[in-house]
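Right, one structure below, let's go through it.
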């Protein structure tokens, strides 16, 4: 991957990864094109109103190069972990900027987006304001000293999300503790239903993509009935798309909205 000469004020930006999409919209810039995460509803619902005039350029996992080129962009923003193989083709279309990862260390991805559109100061303020709001909310709901399990139920297993994942990092900003675990390189653990005992937080937050019956949720929910959080009614289901796909300042504020509404 090489270097790119970026216009001082790009006006036709194409975004092919969701953290950068959230960041761009948070900065008040609507992209001419963006990829879809693969959700049934196209773009994330919490961003839909801002993306009415944005063209879909395929899936994040498989951007459509012809559609991107047809939009005549002056900047493309993606993620090396997803798009390194097509970097040269993208660079032939327009100057291309990529973050190393996607989802973990999302602040860094937001800052890369901001730098690419010459709005770093604005992003710094957005992130600082988010941190202040998270800490204030944590005090309001008594998060300090409480442990939390962040769970996503999948077809063959469930995932526990750690402190470097998007939703996990927001929970830690609020003041919850996610515990010391053997997190993988993506700050997650993938576990089979019989390992339900790992879901041991004082509070359990979980999401279910699609139909619950198509995931391990029915199995686990039968097994965890004696866990303290379940016994005390401290299990909370939230919208999967927002907590897992909505990666960025706007998505983080949506999570804080959910926590405030549920726990205040």
- Looking across the stretch 182-199 at residues that are touching a helix residue (DSSP H, G or I) at 6+ places or on another chain (Cβ under 8 Å) and over 18 Å from residue 238 (Cβ atoms), the single one that is surrounded by the fewest Cβ atoms within 10 Å (Cβ to Cβ) is 194
- Task: With a cut-off of at least 2 residues that are free of Cβ contacts under 8 Å to residues at least 12 places away in the same chain, name the helices (runs of 4 or more DSSP H) lying wholly within the stretch 191-264.
- Result: 217-223, 249-263
- Which of the following residues is modelled with pLDDT under 90, loosely packed, with under 15 Cβ neighbours inside 10 Å and on the phi > 0 side of the Ramachandran plot: 38, 28, 2? 38
- Query: For the stretch 49-108, which fully contained helices (runs of 4 or more DSSP H) count at least 3 residues that are under 24 Å from residue 185 (Cα atoms)?
  - Reply: 80-83
- Query: How do the pairs read when you match residues in the stretch 51-66 that are within 24 Å of residue 28 (Cβ to Cβ) and assigned by TED's automatic domain parsing to the domain that holds residue 245 with residues anywhere that are assigned to a loop (DSSP other than H, G, I, E, B) and at pLDDT below 95, using Cβ under 8 Å and keeping only pairs 6 or more apart or on different chains?
  - Reply: none
- Can you name the condition, by its number, that residue 236 falls short on among (1) touching a strand residue (DSSP E or B) at 6+ places or on another chain (Cβ under 8 Å); (2) surrounded by 20 or more Cβ atoms within 10 Å (Cβ to Cβ); (3) at pLDDT 95 or above? (2)
- Message: With more than 19 Å from the chain's Cα centre (by Cα) and surrounded by 20 or more Cβ atoms within 10 Å (Cβ to Cβ) as the only criterion, which of 44, 73, 63 stands out?
- Response: 73
- Task: Filter the stretch 112-143 down to residues that are part of a loop (DSSP other than H, G, I, E, B) and closer than 16 Å to residue 256 by Cβ and give me whichever is nearest to the chain's Cα centre (by Cα).
- Result: 143
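The values are calculated or read from the model by the stated rules, or taken from the named source; none is laboratory data. In this text the structure is predicted, and so the values were computed from the model without any measurement. Here the Cβ is made from the backbone with ideal geometry for all residues, glycine too, and neighbour counts use every protein chain on show.
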